[in-house]
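As structure tokens, the structure follows; a few thoughts come after it.
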Amino acid sequence: KQWYQRRVREKRVMYAYEQALLTWGHHPDIWYEAALFLERSANLVHEKGDTQSAQHWRDEVASLYEKATSGLLKNNLLLHFAFADYEESRMKTKECHEIYKNLLATVPDPTLVYVQYMKFARRAEGISAARAVFKKAREDKKSTYHVYVAGALMEYYTTKSKDIALKIFELGLKKFPKNTSYILKYLNHLSHQNDDNTTRVLFERVLTSLDKEQSWPIWAEFLSFESNVGDLASLLKVEKRRSMAFESECKMKETSLLVDRYKYLDLYPCTSQELRAMDYQVEADPSLNRNLLAPVKNSVNNREQPVKGSGGVARPDFSHMVPYAPLPSSSIRASQIYGYPVPAAASDLFKILMIKSNLVV
């Protein structure tokens, strides 16, 4: 009887999901919740010893994923990845390859697909299969620098090979020589290898090849590196070189640059009021280095908040504004016109001197 009641409940829940998907079929979360409910039901039936029903429910999960990824959400990465992981859990490697290959043929930006495909290939078939996927990603002109970062870190953590990881980073640097995001990833990896000289050489290489507008985050990372591993003389030398490279931007901001030297993550050597007084901009994300060349969206001295419905543009507070309305009556006092009280001494002086507009105070 309990088994029958459970089956009836599961069918009712799935009927509710099916009715919801008729209207909200473009919402991936509803598809995933329905598949997750079926999967949990199958596991529960399997624990009770009913393997045949459990297999039936698991096949229903695959059918539901197939229906979702072949219809309205055929380009949705989330459901495809969940479908591939589900098939991987059932040891169906061939079906997983088909999911990733079909996705690569349809999405406009295949970078994330390649990254997840490499991870699956390493788990299911080993590092050789993952390298084959990385080779395809390198040859794909639509893929971005992320595949090189993923490939290098995969080699570093899986095979423990520093040399292979550095070679992959170098290949990516040749393809993306002016991409500061990729360069920072490379520098961050290299700085954790305890090879200070090689890291400094890379800093010098990229700083000579980047434009001025692109080099600021690299200079900031260089200063952070010298602060951690260098001495005071090397730190001051890098600061001086940056100030020379950004002479106009760093002018009259010596105190703010000094704060940059001593801050650590979200810890600052001054209070928020002191930072506001010196017009120091604080990044919302403490892991990012402050950029003097880019407008800061979040700061401690940003007193004006965007008004809802204004497209993110800060508007003045009209509640504190006094409307201009000339008053013809000469008996009106100046304090009533200008909206603020006049001190007694000033009022007495106005009575003696008179106002040219014949408004007597």
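The values are calculated or read from the model by the stated rules, or taken from the named source; none is laboratory data. For clarity, every value in this text was computed on a predicted model and none was experimentally measured. Neighbour counts run over all protein chains shown; Cβ positions are idealised from the backbone, glycine included. SASA here: full protein model, heavy atoms, side chains in, ligands and nucleic acids out. Shrake-Rupley method; radii C 1.70, N 1.55, O 1.52, S 1.80 Å.
Data table
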read-out: Test result for residue 79, aliphatic (A, V, I, L, M), closer than 26 Å to residue 140 by Cα and without any contact (Cβ under 8 Å) to a residue 60 or more places away in the chain; value: yes
read-out: Filter pass, residue 23 being open to solvent by 60 Å² or more (accessible area, probe 1.4 Å), within 28 Å of residue 72 (Cα to Cα) and hydroxyl-bearing (Ser, Thr, Tyr); value: yes
read-out: Residue in the stretch 47-54 that is touching a helix residue (DSSP H, G or I) at 6+ places or on another chain (Cβ under 7 Å), at pLDDT below 95 and more than 21 Å from residue 28 (Cβ to Cβ) present; value: yes
read-out: Failed criterion for residue 126 (all others in (1) free of Cβ contacts under 8 Å to residues at least 24 places away in the same chain; (2) open to solvent by 50 Å² or more (accessible area, probe 1.4 Å); (3) out of contact with any Leu (no Cβ under 7 Å at 6 or more places or on another chain) hold); value: (2)
read-out: Verdict on residue 135 being at negative phi and touching a residue at least 24 places away in the same chain (Cβ under 8 Å); value: no
read-out: Out of 87, 98, sole residue that is without any contact (Cβ under 8 Å) to a residue 12 or more places away in the chain and part of a helix (DSSP H, G or I); value: 98
read-out: Helices (runs of 4 or more DSSP H) lying entirely in the stretch 118-191 (those with 2 or more residues that are modelled with pLDDT of 95 or more and closer than 26 Å to residue 105 by Cα); value: 127-139, 146-158, 162-175
read-out: Residue among 115, 107 that alone is buried (at least 19 other Cβ atoms within 10 Å of the Cβ) and within 29 Å of the chain's Cα centre (by Cα); value: 115
read-out: Selection status of residue 15, open to solvent by 80 Å² or more (accessible area, probe 1.4 Å), farther than 30 Å from residue 110 by Cα, part of a helix (DSSP H, G or I) and among the hydroxyl-bearing types (Ser, Thr, Tyr); value: yes
read-out: Per-region count, the stretch 209-252, residues open to solvent by 70 Å² or more (accessible area, probe 1.4 Å) and under 28 Å from the mean Cα position of the chain (by Cα); value: 4
read-out: Residue 79, sole failed condition from (1) farther than 29 Å from residue 164 by Cβ; (2) open to solvent by 30 Å² or more (accessible area, probe 1.4 Å); value: (2)
read-out: Yes/no for residue 10 being acidic (Asp, Glu) and either open to solvent by less than 70 Å² (accessible area, probe 1.4 Å) or within 30 Å of residue 105 (Cα to Cα) (or both); value: yes
